[in-house]
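Have a look at the structure below before the remarks.
Each value in this text was obtained by applying a stated rule to the coordinates, not by laboratory testing. Because the structure is a prediction, the values reported are computed rather than measured. All Cβ positions, even for glycine, are placed from backbone atoms using ideal geometry, and neighbour counts span all protein chains on display.
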Amino acid sequence: MVEIDFTFTINDSNDNQFDAELYLESENLMKKRVIISIVMAMIIFCGVILFLEHKNTYDTEKDAQNSMDDEVVLASSSEGYNSVVVYQLNNALIVSAESEAAFFDGARYEVETQGNVDSSDIDIVWTNIGGGTEKTEDNDLIIAEIKISENGKLISDTKINFAKKAFDALEDVLKSNKR
């Protein structure tokens, strides 16, 4: 720590004499200034982060609301933890598949249309691994087949296997144990 102690005398034009003393503790003063500067910088940084997060949340909610206004849900179906939603957005149908299961990352694809497609033109059929449409205790319905027609003509027939990733992982384990 550096201490500076000055004592000096000041004379003015009327011969009045003033004694002044100047005492500085430079290290403590510098430490206090550094700490205050760091605290202020952290407060400003946190304020900017909060502002940007609030703005981002607001923009995301606004975008989601705008996109929901343009979307028309035509069909949806759920089976267990799995669900499929088909909605129309302008001249395209969006098929979105989601699952609460950890081994399915979700799927989404787009089908271009020439005009409007009604909900009666969309058929979602759930099947098990063997192709049966009946759910049993040992056999869940984990494959969704989405058929979309336009003007009586089939324009899309897609199957989504909600357990494919789990089967692939099992196959990899079996292959690695075989070696």
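For the range 102-179, GluC sites (Glu not before Pro) meeting the loop criterion (DSSP other than H, G, I, E, B) and having at most 10 other Cβ atoms within 10 Å: 134, 137. Express the relative contact order of the range 73-170 as a whole percentage, based on alpha carbon pairs under 8 Å and six or more residues apart in sequence. Value for the range 73-170: 20 percent.
Taking the alpha carbon gyration tensor of the range 103-147, multiplying each eigenvalue by 5 and rooting it gives semi-axes of 27, 14, 7 Å, largest first. Rg/Rh for the range 73-170 (Cα atoms only, Rh after Kirkwood) is 0.99.
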